[in-house]
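Undergrad: Take a look at this one; I'll ask things after.
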Amino acid sequence: MSQDTKNVLFVALAVIGAIIVGGWVLKIAFKLLGIIILVGLAVVAFMVVQKLVGQGR
């Protein structure tokens, strides 16, 4: 096998691997997106309640 063939094979495998890893990362990110939104809403609700309780004193 010549050096050029080895380089092309290495680049092709690297691109395929990057696509696979990118797919896994996107899948995990979309699964966690709902949890992140819920946590964000809970934090905002907590801050609003704290502000309202603080103003009532």
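The values are calculated or read from the model by the stated rules, or taken from the named source; none is laboratory data. All of these numbers come straight from a predicted model, not from anything done at the bench. Surface areas here come from the heavy atoms of the whole protein model, side chains and all, with no ligands, DNA or RNA. Shrake-Rupley method; radii C 1.70, N 1.55, O 1.52, S 1.80 Å.
Undergrad: When all protein chains stay in place, what accessible area (Å², nearest 10, 1.4 Å probe) is found for VAL25?
TA: Only protein atoms counted, so the area is about 90 Å².
Undergrad: Rounded to the nearest 10 degrees, what's the angle between the helix 3-56 long axis and the longest principal axis of the chain, both from Cα atoms, 0 to 90?
TA: So the helix axis and the longest Cα principal axis differ by about 0 degrees.
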